[in-house]
Amino acid sequence: VITKVKARQILDSRGIPTVEVDLHTNKGVFRASTPSSDLTGLYEAVELRDGDKGSYLGNSVSKAVKNVNEKISEALVGMDPTLQSQIDQAMIDLDKTEKKGELGVNAILAVSMAACKAGAAQKEVPLYKHIADLSGRNTLTLPVPAFTVISGGKRAGNSLAIQEIMILPIGASRFEEALQMGSETYHHLKAVIVDKYGAQGCNVGEDGGFAPNISSFKEGLDLVKEAISRTGYNERIKIAIDVAATDFCMGTKYDLDYKSPNKSGQNFKSADDMIKLYRELCAEYPIVSIEDPFDKEDWEHTKRFSSLAICQVVGDDLLMSNSQRMKKAIEESTCDALLLKINQIGTVTEAIEVVKLAKDAHWGVVASHRCGETEDSFIADFSVGLSTGQIKAGAPCRGERLAKYNQLLRIEEELGDDAFYAGEEWRESS
Ligand code: PGA
Ligand code: ZN
């Protein structure tokens, strides 16, 4: 049984406070921490921050920590850690608000994940197996990683409007090989960038992708294409982009120069121009997935692009991992994949439900990190237990990103002959 729940404030990968929880049972101590990013607060669960400008610029989380140590601990002590849905429901009932803003999603999620780890230990099974059991699944699949190799948008100080260019080693035979392919491509890319832009071009963005001072999609894609060709992996590696178009949508236009100090105003594109651009890019490069190609409220163009069926269309800002928005998108065929950010939801039980919703609609599912990450590798186990088929956890470098990828290596090793790498089945993994 749960004997104690203790939280503390730690720092995430951006150096901003977040909540870490130690959940004690008779089997030991189980630790988890909540990732974070800039929240829009519209449809997603709410983080509780102290707002005291004199402490971490308003970002300290002592109230959330106190909520765990007092209210949540009191409610959960004595409960069986294998009963995930009851634990999660107890916190939802205690919070009473729709978006978990009373206790804070930063408090609730860390406890939910720590309880899940404790539940696995109680059953003496690996975490990914426990998660599979909780969702009623009996298959385990290693996901195809989407490694960020070029960073732009809000994640980097260059002029590139799109947020990320990623590589997907779909043609690997195992996860271990996928990681090697990702790492080798990343290092070849570094050399390609040094040749062209000098060492300065190899500064990295928040998720570890290189951030050379390029401004066009094509410049970035050419660099990646060249790096892939130097590895010799060729068509075994595909490309994905996260446009995060909401960040540069100005009214009805998209400003591809939005970060440039001396904007000419000539690089404004209409949504139809953007569709044309995506079609060209998909024809010229091995792009298999585009995330948030339009503003998060521009469902019409997202749907129009999606209906062309040129590539997977992923809803991140579009969906905010919100089940109501997902149901609407499924009904209207707005996109065909979910970017799953568990801290937008808040509990393991609800995150499992959201994945089921996506899978029932035959959507792709990308288990995702946040820009503010911790050493916690929970989403690695989550992606295997739910056979999401895809995981996006940043570059194949930097500790908080590798925490996830390295955990997938360990899981694959543990599964041995039973390990199955999603590979070509990345979009609809059973
Ligand atoms: P985040 O976004 O940095 O806000 O977590 C990641 C993404 O857009 O995929
Ligand atoms: Zn995104």
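The values are calculated or read from the model by the stated rules, or taken from the named source; none is laboratory data. In this text, all values refer to a predicted model and were calculated from it rather than measured experimentally. For neighbour counting, all protein chains shown are included, and Cβ atoms are generated from backbone atoms with ideal geometry for every residue, glycine included.
If you check L48 against the conditions, is it assigned to a loop (DSSP other than H, G, I, E, B), at pLDDT 95 or above and either of a type in the set (K, R) or touching a helix residue (DSSP H, G or I) at 6+ places or on another chain (Cβ under 7 Å) (or both)? So L48 fits the description; yes.
Every residue, every condition in (1) farther than 25 Å from E375 by Cβ; (2) in contact with a helix residue (DSSP H, G or I) (Cβ under 7 Å, 6 or more places away or on another chain), yes or no:
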| residue | (1), (2) |
| --- | --- |
| A120 | no, yes |
| R155 | no, no |
| L168 | no, no |
| R174 | no, yes |
| I193 | yes, yes |
| Y197 | yes, no |
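Can you confirm whether A161 is surrounded by 23 or more Cβ atoms within 10 Å (Cβ to Cβ) and either of a type in the set (G, A, S) or under 18 Å from the mean Cα position of the chain (by Cα) (or both)? Here the answer is yes, as A161 does meet what is asked. Cβ separations smaller than 8 Å between residues 6+ apart or across chains give the following pairs from the range 72-94 residues that are closer than 20 Å to E20 by Cβ and surrounded by fewer than 20 Cβ atoms within 10 Å (Cβ to Cβ) to residues that are among the hydroxyl-bearing types (S, T, Y) and modelled with pLDDT of 95 or more: V77/T3.
With respect to the stated conditions, Y254 is touching a helix residue (DSSP H, G or I) at 6+ places or on another chain (Cβ under 9 Å) and part of a strand (DSSP E or B).
Go through the range 304-318 and give me each residue that's away from ligand 1 (no atom under 16 Å from the Cβ) and in contact with a Phe, Trp or Tyr (Cβ under 7 Å, 6 or more places away or on another chain). Scanning the range 304-318 gives a single hit, F305. Restricting T97, T3 to those that are surrounded by fewer than 22 Cβ atoms within 10 Å (Cβ to Cβ), in a loop (DSSP other than H, G, I, E, B) and of a type in the set (S, T, Y) reduces the list to T97. When each of L83, L127 is tested for being touching an Asp or Glu at 6+ places or on another chain (Cβ under 6 Å), modelled with pLDDT of 95 or more and either under 30 Å from G416 (Cα atoms) or among the β-branched types (V, I, T) (or both), the lone residue that passes is L127. Filtering the range 35-68 to residues that are closer than 12 Å to K100 by Cβ and of a type in the set (V, I, T) leaves only V46.
Considering the range 259-304, and only residues there that are among the aromatic types (F, W, Y) and within 16 Å of ligand 2 (Cβ to nearest atom), the residue that is nearest to the chain's Cα centre (by Cα) turns out to be F294.
Just to be sure I understand, how many residues within the range 278-320 are out of contact with any His (no Cβ under 6 Å at 6 or more places or on another chain) and under 20 Å from D255 (Cβ atoms)? Even if it seems obvious, please write down each step before you answer.
Residues of the range 278-320 out of contact with any His (no Cβ under 6 Å at 6 or more places or on another chain): 278-293, 295-320.
Keeping just the survivors that are under 20 Å from D255 (Cβ atoms) gives 278, 280-281, 290-293, 295-298, 300-302, 305, 316-318.
Looking only at that region, the number is 18.
For the range 302-352, a tally of residues being of a type in the set (D, E), surrounded by fewer than 24 Cβ atoms within 10 Å (Cβ to Cβ) and under 17 Å from L42 (Cβ atoms) returns 1. Restricted to the range 152-189, and to residues there that are polar (S, T, N, Q) and out of contact with any strand residue (DSSP E or B) (no Cβ under 6 Å at 6 or more places or on another chain), the residue that is nearest to A422 (Cα to Cα) is S173. Could you tell me whether the range 348-356 includes any residue that is modelled with pLDDT of 95 or more, closer than 30 Å to K190 by Cβ and of a type in the set (A, V, I, L, M)? No, the range 348-356 contains no residue that is modelled with pLDDT of 95 or more, closer than 30 Å to K190 by Cβ and of a type in the set (A, V, I, L, M).
So, in the range 308-324, of the ones that are in contact (Cβ under 8 Å) with a residue 60 or more places away in the chain and either among the β-branched types (V, I, T) or not in a loop (DSSP other than H, G, I, E, B) (or both), which residue ends up nearest to ligand 2 (Cβ to nearest atom)?
Our first condition is that a residue be in contact (Cβ under 8 Å) with a residue 60 or more places away in the chain; within the range 308-324, this holds for 312, 314, 316-317, 320-322, 324.
Now restrict to residues that are either among the β-branched types (V, I, T) or not in a loop (DSSP other than H, G, I, E, B) (or both): 312, 314, 324.
Values: Q312: 13, V314: 8, Q324: 19 Å.
If we take residues in the range 308-324 being in contact (Cβ under 8 Å) with a residue 60 or more places away in the chain and either among the β-branched types (V, I, T) or not in a loop (DSSP other than H, G, I, E, B) (or both), then V314 is nearest to ligand 2 (Cβ to nearest atom).
Of the set (1) touching a Lys or Arg at 6+ places or on another chain (Cβ under 7 Å); (2) surrounded by fewer than 17 Cβ atoms within 10 Å (Cβ to Cβ), all apply to F268 but (2).
Scanning the range 325-362 for residues that are part of a loop (DSSP other than H, G, I, E, B), of a type outside the set (D, E) and either at positive phi or more than 16 Å from ligand 1 (Cβ to nearest atom) (or both) yields S333, T334, G346, T347, A361, H362.
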